[in-house]
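For reference, the structure discussed in these notes is given below.
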Amino acid sequence: MPAFSNREVPFKFRGRNYVFSLSHAIFSSAGIDTGSRLLLKVFSKYIDEDVHERKPLPLSVLDAGSGCGVLGVCAAGALLDIIKEPAASPEGKASSSGQFHVRAQDRDELARGFTEYNACRNNIPAAVLEARAEPLLAGPLGARWDLIITNIPAKAGGPVLEDFVRRSAALLNPNGRVFMVAVNTLADFFRERIDEAGAALLHEEQGTEHRVFVYGHGDAKDATAAVQTGPGFLDRYPFYIRHSDTYAIENIPVHIDAIHGCGDFDSPGDDILAAAKLCSRMGENLSSGSWLIHEPCQGHFAVWLAKFTGEAPAPKLALAGRNILALEASQHNLETNSPGIAPLLIPAADLLCDREALLGAGPYSFIAAFPEIVPQANRHTAAWESLEALLAPGGIFLVSLGSSDAERFDRLKPKGFSRLGDAKRKGFRALAYTR
């Protein structure tokens, strides 16, 4: 993930020296945040107590919302160091690195990539730490954890946070523990949720800005299964739905169930409206071949485009992007509005980083991209480079960006591409090209 990195920072935990690559696209881009530091401090005390009291070491660990991987990597390093010294813990002798396993999860494919990169950079074997792009507490059916650690994202949404507490407590093994750090303003909320989950609050520690909660197994009977992604996601977990409404995009009604954890939840963004405006102007027949929509957000454009073309059979459609929740929302909204379309979901940090995965459903006759601009990571040239493989000859590429970024993007247009048109709306500009 060096292409997205803005800095590397050293960090020392329990005698180990770490180096973490950070990004402006991921939480805490300036350094290791104070919340994670406080959680690791409390976690270290518990590990020392467990070793002193000869308690079994946790073998199954879940880092929920891993970000760049600080908590999962440090927990893995600390526990591996103890496992290598069986004299310090008789139970540790039976704990080999082959049994010990950390699952690090984040809804952001870029965060997953950074977690994987930072684990490798800090000599945590891939067989020990597995990085996944998935919602909070996703995992195999029947999965149970000895340890769940999380720097819980405060903006995940109240219903999602409430489910996290109930489900995390229910997914623990009998002697398992959750270590959660949250901002102090949410302390009362989480204390109440832990009590409602029937979980024992084992420890609470306050820092300047954050609070660490350590709690044990809970008795929520309806939250005993790990979260499962795929078709029907929002039917299984309706607490993710934040807002439902119908919008008129270029005079076509689009119904959206918008979710927590994804932007444009109250209305389609101006980048989307600019892209729809441009498509309407072009009047191109886009229904043949394969489509790719990168960063579909809540699915406004994908749903509108399916209705705009309005022809059968439906095209082969791939939805790709960083946010796994956005892909699930877009799939749900497409299937609700256009039941004949069954999109393929592809986690992708951008069009070039994950070009091989995207090629599995390509090349594409139409690609629409709504890229997130990451400071100090100019990916305009990379996007053009990706099109050499992703876009079929004669295909159409549409990109919608802030006006200044759109101008820079257009200046980088390589030979072999010609511009079909552009449309502007409130500081955004959509551009379409063909090859």
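When the stretch 269-295 is filtered for residues that are closer than 18 Å to residue 426 by Cα and open to solvent by 20 Å² or more (accessible area, probe 1.4 Å), the ones remaining, listed by number, are 270, 271, 273, 277, 280, 281. Selection within the stretch 171-205: residues that are among the small types (Gly, Ala, Ser) and either over 23 Å from the mean Cα position of the chain (by Cα) or at pLDDT below 95 (or both). The member of this set that is farthest from residue 223 (Cα to Cα) is 187.
Here residue 263 qualifies as surrounded by fewer than 22 Cβ atoms within 10 Å (Cβ to Cβ) and within 20 Å of the chain's Cα centre (by Cα). Checking the structure you have, find out if any residue of the stretch 40-54 is buried (at least 19 other Cβ atoms within 10 Å of the Cβ), within 24 Å of the chain's Cα centre (by Cα), closer than 19 Å to residue 119 by Cβ and among the hydrophobic types (A, V, I, L, M, F, W, C). Yes: the stretch 40-54 contains one or more residues that are buried (at least 19 other Cβ atoms within 10 Å of the Cβ), within 24 Å of the chain's Cα centre (by Cα), closer than 19 Å to residue 119 by Cβ and among the hydrophobic types (A, V, I, L, M, F, W, C). Any chance the stretch 361-370 includes a residue that's more than 16 Å from residue 301 (Cβ to Cβ), open to solvent by 40 Å² or more (accessible area, probe 1.4 Å) and without any contact (Cβ under 8 Å) to a residue 60 or more places away in the chain? No; the residues of the stretch 361-370 include none that is more than 16 Å from residue 301 (Cβ to Cβ), open to solvent by 40 Å² or more (accessible area, probe 1.4 Å) and without any contact (Cβ under 8 Å) to a residue 60 or more places away in the chain. Of the strands (runs of 3 or more DSSP E) lying entirely inside the stretch 126-208, the ones with 3 or more residues being surrounded by fewer than 17 Cβ atoms within 10 Å (Cβ to Cβ) are found at 172-183, 201-206. Restricted to the stretch 209-234, and to residues there that are modelled with pLDDT under 95 and under 30 Å from residue 307 (Cα atoms), the residue that is surrounded by the fewest Cβ atoms within 10 Å (Cβ to Cβ) is 230.
In summary, residue 254 fulfils each of the numbered conditions (1) closer than 30 Å to residue 174 by Cβ; (2) outside any loop (DSSP other than H, G, I, E, B); (3) in contact with a Pro (Cβ under 8 Å, 6 or more places away or on another chain) with the single exception of condition (1).
Can you name the residue in the stretch 211-246 that is among the β-branched types (Val, Ile, Thr) and touching a residue at least 40 places away in the same chain (Cβ under 8 Å) and is also farthest from residue 183 (Cα to Cα) among such residues? Selected residue: 229. Residue 393 meets each of the listed conditions (1) open to solvent by 50 Å² or more (accessible area, probe 1.4 Å); (2) closer than 30 Å to residue 29 by Cβ apart from (2).
When the test is whether a residue is open to solvent by 50 Å² or more (accessible area, probe 1.4 Å) and not basic (Lys, Arg), residue 414 does not pass it.
Note on the stretch 418-435: among residues that are without any contact (Cβ under 8 Å) to a residue 40 or more places away in the chain and surrounded by fewer than 19 Cβ atoms within 10 Å (Cβ to Cβ), the one that is farthest from residue 282 (Cα to Cα) is 418. If the condition is being within 13 Å of residue 67 (Cβ to Cβ) and assigned to a loop (DSSP other than H, G, I, E, B), then the stretch 107-125 contributes only 107. Scanning the stretch 49-84 for residues that are outside any helix (DSSP H, G or I), free of Cβ contacts under 8 Å to residues at least 40 places away in the same chain and among the acidic types (Asp, Glu) yields a count of 1. Restricting attention to the stretch 143-165, the residues that are closer than 16 Å to residue 219 by Cα and free of Cβ contacts under 8 Å to residues at least 60 places away in the same chain add up to 1.
The values are calculated or read from the model by the stated rules, or taken from the named source; none is laboratory data. Here the structure is a predicted model, which is why all the values come from computation and not from measurement. We place every Cβ from the backbone using ideal geometry, glycine too, and count neighbours over all the protein chains shown. Each accessible area value is taken on the protein alone, full model and side chains, heavy atoms only, with ligands, DNA and RNA left out. Shrake-Rupley method; radii C 1.70, N 1.55, O 1.52, S 1.80 Å.
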